[in-house]
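For reference, the structure discussed in these notes is given below.
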Amino acid sequence: MARWEPDSRGRLERAALALYGERGFENTTVAAIAARAGLTERTFFRYFADKREVLFWGAGALQELLVTAVTGAPDTAAPIDAVVAALEAAGGVLQERRDAARQRQAVITANAELRERDLIKLALLSTAIADALRARGVASTAASLTADTGIAIFKAAFAAWVDETEQRELPQLIRDSYDELRAVTAGAARP
């Protein structure tokens with residue numbers, strides 16, 4: 001085996017997703033993931049703390065993207081508009097990984113521990129967004145409500161996006177979910 005192999009992280013992620021789909025998360029070992037990727041366990045642990053982190057390793061980059069977009073939004077943007085624009089930007093990045101996102105979500109949905117970890121990730125994203133809104137001068141409670149609303153919009157859009165029958169792209173689904181929320185809160189629910 002060569003000392004260095006290109007795209008080790010990507011190879012490990014693809015191997016893990018394939019094995020999780022074939023054997024289930026619980027029945028897949030780090031050794032099996034590394035072997036499928038043609039790498040060593042030591043290489044696996046260079047990129048991931050454990051086999052769960054293969055599914056969640058991008059959370060830090062996603063959080064950074066969202067916070068940067070919220071903080072960089074025009075001063076005239078309403079807090080919810082800044083959050084939705086940030087979510088659409090993140091959706092554009094995630095759009096490129098739709099097949100992997102579908103595989104990842106199927107694994108998470110099938111495992112209670114992973115569903116809990118996913119909820120924790122979303123809560124951390126909400127906290128980071130709320131902090132970015134507070135830095136923009138939004139009152140504390142309003143910042144928390146806006147961030148939680150943004151995460152709810154994202155969850156609804158993401159759930160639709162990973163559905164095999166959905167053809168719209170994630171940024172559009174985020175916008176559509178936001179529009180539906182606005183219609184509902186205005187008292188005019190869409191069919």
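Structure values in brief
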quantity	calculated
Rounded if a/c under 1.5, otherwise prolate or oblate - the chain, Cα gyration tensor axes	prolate
Tensor-based shape of segment 83-191 (alpha-carbon gyration tensor, a/c under 1.5 rounded, otherwise prolate or oblate)	oblate
The chain - charge dipole about Cα centre, Lys and Arg +1 at Cβ, Asp and Glu -1, debye rounded to 20	460 debye
Residues VAL184, VAL93, VAL70 arranged by fewest to most Cβ contacts within 10 Å	VAL184, VAL93, VAL70
Over the chain, relative contact order from alpha-carbon pairs under 8 Å, at least 6 apart, %	20 percent
Coil-residue chymotrypsin sites (Phe, Trp or Tyr not before Pro) of segment 48-139, DSSP, other Cβ within 10 Å capped at 15	TRP57
Rounded tilt (10° steps) of 59-71 against the dominant C-alpha axis of the chain	20 degrees
Relative contact order of segment 43-123, pairs being alpha-carbon contacts under 8 Å that are 6 or more residues apart, as %	25 percent
Farthest positive-ward along the chain dipole, Cα basis, beta-carbon charges - from SER140, ALA73, ALA18	ALA18
DSSP-loop trypsin sites (Lys or Arg not before Pro) across segment 2-68, with at most 10 other Cβ within 10 angstrom	ARG3
Residues PHE45, PHE154 arranged by fewest to most Cβ contacts within 10 Å	PHE45, PHE154
Calculated FRET efficiency for the pair ALA100/ASP163, C-beta based, R₀ 22 Å, to 0.05	0.90
Positive-end residue of ALA112, LEU125, ALA160, charge dipole of segment 86-191 with Cβ unit charges	LEU125
Sparse-neighbour loop sites [GluC sites (Glu not before Pro); segment 90-170; at most 11 other C-beta within 10 Å; DSSP]	GLU96, GLU164
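Every number here is computed from the coordinates shown, using simple stated rules; none is lab data. Just so you know, these numbers come straight off a predicted model, no measurement behind them. For neighbour counting, all protein chains shown are included, and Cβ atoms are generated from backbone atoms with ideal geometry for every residue, glycine included.
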